[in-house]
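The values are calculated or read from the model by the stated rules, or taken from the named source; none is laboratory data. Please read these numbers as outputs of a predicted model, since none were measured by experiment. All Cβ positions, glycine included, derive from the backbone under ideal geometry; neighbour counts span all protein chains shown. Note: areas computed on protein heavy atoms with side chains; ligands, DNA, RNA excluded. Shrake-Rupley method; radii C 1.70, N 1.55, O 1.52, S 1.80 Å.
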Amino acid sequence: ISSLNASRELPLWSLVIVDEAHHMRNTSTESNNLGSILSGLTEMMLMLSATPLNLRDQDLFNQMCILNPSMFPDEQTFAALLEPVKSLNRCRRLLLSNSTDAYPALLQELNSLEAGPLSVAISSHPGIVSLRELVTEGSPMTSADLASYDRTLISLSPLDSSFTRALK
């Protein structure tokens, strides 16, 4: 199969859908190996799982590497991308608490993001500038504000185009 993959000019399939994808999280399994092979043979791949992601970062890396090996070539690159994601998620939780009591922690988290690898993207983003101003003033947010700022934070995630999590 590896020789078939190396000699082809076009993907064999336009889309492969894998259910129960959490079984591919361990690199020592045949499931992971199959996922890597299928990923190389298809134009797009969708991996589904209803199992909660209570995994180690390495497990998530293994799955993301199957989906997009060029974006996630090694664990160091993945870790560098994952840290801002964790911070953005903390910002989202603080924001969605819809409490002015959470504003100091939200500002601290935004400062942390601006000091990290996404510094320019964060500090120059009009939505983040607006959020920072509103939080600094201590103004309460409307439902529309919360939804808009949440979408902004999601859009800044380096994993946004590769990973989606939906809750019931």
How far is helix 143-155 tilted, in degrees, relative to the longest principal axis of the Cα atoms in the chain, given as a value from 0 to 90 rounded to the nearest 10?
-> 40
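Add -39500 (n - 2.57) for each DSSP H run of 4 or more in the chain, then divide by its residues: what number comes out at 222 nm, to the nearest 500 deg cm²/dmol? Display every interim value, and only then the final one.
Details: 8 runs with 93 residues, N = 168.
So the helix-based figure for the chain works out to -17000 deg cm²/dmol.
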Degrees, to the nearest 10: 103-114 long Cα axis against longest axis of the chain | 50
Just in the range 9-111: which GluC sites (Glu not before Pro) are loop by DSSP and have at most 16 other Cβ atoms within 10 Å?
-> E9, E20
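L46: net charge of surrounding residues, Cβ under 13 Å, Lys/Arg +1, Asp/Glu -1, itself excluded?
Values: positive: none; negative: D19, E20, E43.
Cβ neighbours under 13 Å give a net charge of -3.
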Amide H partners (placed H, <5 Å) of V16, local residues excluded | M44, M45, L46
Per the Cauchy relation, a quarter of the hull surface: what is the mean projected area of the convex hull of the alpha carbons in the range 72-156, in nm²?
-> 5.2
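Counting pairs of alpha carbon atoms under 8 Å apart in space and at least six apart in sequence, what relative contact order in percent does the chain give?
On the way: 168 pairs, mean separation 30.9, N = 168.
Worked out over the chain, it gives 18 percent.
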Give the angle, between 0 and 90 degrees and rounded to the nearest 10, that separates the Cα long axis of helix 75-96 from the longest principal axis of the Cα atoms of the chain.
-> 40
For the range 13-84, what is one quarter of the convex hull surface built on the Cα atoms, given in nm²?
-> 4.8
Once label points are set 7 Å from the Cα along Cα→Cβ at both S28 and S148, what is their separation, rounded to one decimal in nm?
-> 5.2
Solvent-accessible area per residue, Å², over the chain with all protein chains present [probe radius 1.4 Å] | 60
Choose one answer from S36, S112, S139: the residue with the largest mean-square fluctuation in a GNM of the chain with alpha-carbon springs under 10 Å.
-> S139
Within the range 56-101, which trypsin sites (Lys or Arg not before Pro) sit in a loop by DSSP and count at most 15 neighbouring Cβ atoms inside 10 Å?
-> R56
Kirkwood Rh for the chain from C-alpha pairs, in Å, is 17.9
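Leaving ligands, DNA and RNA out of it, report the carbon-plus-sulfur percent of the accessible area of the chain at a 1.4 Å probe.
Working: 5470 of 10130 Å².
The computed percentage sits at 54.
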